[in-house]
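The values are calculated or read from the model by the stated rules, or taken from the named source; none is laboratory data. Since we're looking at a predicted model, the values are computed, not measured. Every residue, glycine among them, receives a Cβ derived from its backbone with ideal geometry; neighbour counts consider all protein chains shown.
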There are 2 protein chains.
Amino acid sequence: MDTAIAKGLKVLNRIAHADAPVGVTAMAKEMGLEKSNVHRTLTTLLTLGYVERDAATGRYGPTLKVWELGMKVVMRHPMVRAARPFMQMLHQQTQETVHLTILDGGDCIYLDQIRAPMPVRTTPVPGHRVPALFPASGRVQLAFQPNAEEIVNTFRNSHPRGKEIKLAATLREFATIRQQGIAITESGWSAGINSIAGAIIDRAGVAGAAIAVSGPAERLTRERMDSLVNQVLNACTQAGDTLRGS
Amino acid sequence: MDTAIAKGLKVLNRIAHADAPVGVTAMAKEMGLEKSNVHRTLTTLLTLGYVERDAATGRYGPTLKVWELGMKVVMRHPMVRAARPFMQMLHQQTQETVHLTILDGGDCIYLDQIRAPMPVRTTPVPGHRVPALFPASGRVQLAFQPNAEEIVNTFRNSHPRGKEIKLAATLREFATIRQQGIAITESGWSAGINSIAGAIIDRAGVAGAAIAVSGPAERLTRERMDSLVNQVLNACTQAGDTLRGS
DNA sequence: AAATGTGTTCCATGATTTGGAACATGGTTG
DNA sequence: CAACCATGTTCCAAATCATGGAACACATTT
């Protein structure tokens, strides 16, 4: 194990997650390293171009280099490549915000999005992570997951709002979702926001991702969502075909 | 200089930029390191979760961890935060694709975008880098850059298509752009695509970024772009105010 | 002026990385 | 089927390189 690499990435992480540039001493204290050690690490990251110094304060902040690297990765992601055109279609048909999410453990990660001209106040942003039980796109994926029950239980025990979840009811709902291939949430975890999501089936035959259409409850009514079922399913199966075909 | 950190990031870069997962030997040969060294580095990155192995081939590919990190960075970027709401407004008014770009040396980096329901075939994607002389958003920023002439010259000497650029004509055009605060390209570097861009003035009083509206020439005609001048300028000044105010 | 808080430099010490060689594995070819 | 090649993996002695402590520089506060 290359400990220096671990240290370097830990420091980079710390800087990238910070709201504001940080100083050497603060970081050293926080991560239990020597000042001189942190300083040298930062100078290294500086010369490599991953970190820059605030002109005024001399504190260290992240550059966009990490982001550029990350975009390379996500844009090459097979799921993103496969889903993009069909998300675009869906957006054109609905004029609403369209999301692409994948599952990572019990979390749902927002991979890609097309924003509506008039989006809701709190649109999840690509890169965000939320418990998969919250959004429709997470639920539709969980429903197709073999270890769904385990994940739900873990959530119930670890998350502060976990106890609000009824296991039996949730599993029953998952059965319905599997049957229809569609999950719908009405003011589920974000008040006033409705959402309809379908699952993309990948090579392994499990739900590798989900496409969701979201919007304010006034615009995206229950009836409207019901009428969108086929379009969402369509986008998902076509994306799945593209994914498996290539 | 922590050489191990440099090595680790170099390997990570190599993997993230690759089109397909790569093997140990290939990487070792390519970057002049010992096989065993690369192998240990990869195992480190593997346990840290930045790299994963292809189940079938055993080759190494990137995970989304770098991307998540990068999104944190860009979403906290003051320019993105300041510009987002006004890009949204512009998108709502025009129903066209709206871009946010910044200048990095002679390059233009696409920071953020809102895609139109019917976008053009080749929409630049966030994270992309193009010579600033190509798109309208790059040109409007160059026009306000003190060392614009230098950048144009560097481009003329280094880029394969550099000789197509006439220095005097370009500088004259920049003067016009500075006067209007707006750059317009018609089928500029991408055939059939028109674009109108304005500059966001940052704290230092220079063009720190640009907002652009792009679309197919049939839809985004010259007359339509002329009628959008004020809306684009508005979005830019408001974004600039937000940026400097906060 | 003394005291605290920064960030930075220096260097002997020793832990860690290094590169080579040997081993393991799987696929290819005569 | 055996010999071969290419690949990934493990091991270890040698020495390079990271380490942490102390000392320095600089600014701000008391």
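Quick check on my filter: what residues within the stretch B:155-169 are outside any helix (DSSP H, G or I) and without any contact (Cβ under 8 Å) to a residue 24 or more places away in the chain?
Restricting attention to the stretch B:155-169, the residues satisfying the condition of being outside any helix (DSSP H, G or I) are B:159-161, B:165-166.
Listed by number, the residues that qualify are B:P160, B:R161, B:K166.
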Practice task
Look at B:V80 and say whether it is at pLDDT 95 or above and surrounded by fewer than 22 Cβ atoms within 10 Å (Cβ to Cβ).
Solution key: yes
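When the residues of the stretch A:44-84 are filtered to those that are among the β-branched types (V, I, T), closer than 19 Å to B:G105 by Cβ and under 27 Å from the mean Cα position of the chain (by Cα), which remaining residue is farthest from DNA strand C (Cβ to nearest atom)?
The selected residue is A:V66.
Condition (residue is at positive phi and within 16 Å of DNA strand C (Cβ to nearest atom)) applied to the stretch B:18-35: is it met by at least one residue?
Of all residues in the stretch B:18-35, those at positive phi come to B:32.
Now narrow it down to the ones that are within 16 Å of DNA strand C (Cβ to nearest atom): B:32.
Within the stretch B:18-35 (the criterion being at positive phi and within 16 Å of DNA strand C (Cβ to nearest atom)), the answer is yes, since at least one residue qualifies.
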Practice task
Run A:Q92 past the list (1) within 8 Å of another protein chain (Cβ to nearest Cβ); (2) surrounded by fewer than 21 Cβ atoms within 10 Å (Cβ to Cβ); (3) touching a strand residue (DSSP E or B) at 6+ places or on another chain (Cβ under 6 Å) and report the number of the one that doesn't hold.
Solution key: (3)
Handout entry: Filter result (facing chain A (nearest Cβ under 10 Å), touching a residue at least 60 places away in the same chain (Cβ under 8 Å) and part of a strand (DSSP E or B)) within the stretch B:99-129
Key = B:I102, B:L111
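Somewhere in the stretch A:135-143, is a residue in a loop (DSSP other than H, G, I, E, B) and in contact with a strand residue (DSSP E or B) (Cβ under 9 Å, 6 or more places away or on another chain)?
To start, the set of residues in the stretch A:135-143 that are in a loop (DSSP other than H, G, I, E, B) comprises A:135.
Pick out the ones that are also in contact with a strand residue (DSSP E or B) (Cβ under 9 Å, 6 or more places away or on another chain) and you get A:135.
Looking through the stretch A:135-143, at least one residue is in a loop (DSSP other than H, G, I, E, B) and in contact with a strand residue (DSSP E or B) (Cβ under 9 Å, 6 or more places away or on another chain).
Confirm whether A:E164 is of a type in the set (D, E), out of contact with any Cys (no Cβ under 9 Å at 6 or more places or on another chain) and at pLDDT 95 or above. Spell out how you get there, then give the answer.
Numbers: of a type in the set (D, E): yes; out of contact with any Cys (no Cβ under 9 Å at 6 or more places or on another chain): yes; at pLDDT 95 or above: no.
In short, no.
Tell me, please, whether a residue that is within 12 Å of DNA strand D (Cβ to nearest atom) and out of contact with any helix residue (DSSP H, G or I) (no Cβ under 7 Å at 6 or more places or on another chain) can be found in the stretch B:72-87. Steps first, answer last, please.
Taking the stretch B:72-87 as the starting set, the residues that turn out to be within 12 Å of DNA strand D (Cβ to nearest atom) are none.
Taking every residue of the stretch B:72-87 in turn, none turns out to be within 12 Å of DNA strand D (Cβ to nearest atom) and out of contact with any helix residue (DSSP H, G or I) (no Cβ under 7 Å at 6 or more places or on another chain).
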Practice task
Identify the single condition in (1) more than 13 Å from chain B (Cβ to nearest Cβ); (2) crowded, with 20+ Cβ neighbours inside 10 Å; (3) in contact (Cβ under 8 Å) with a residue 24 or more places away in the chain that A:V152 does not satisfy, given that it satisfies every other one.
Solution key: (3)
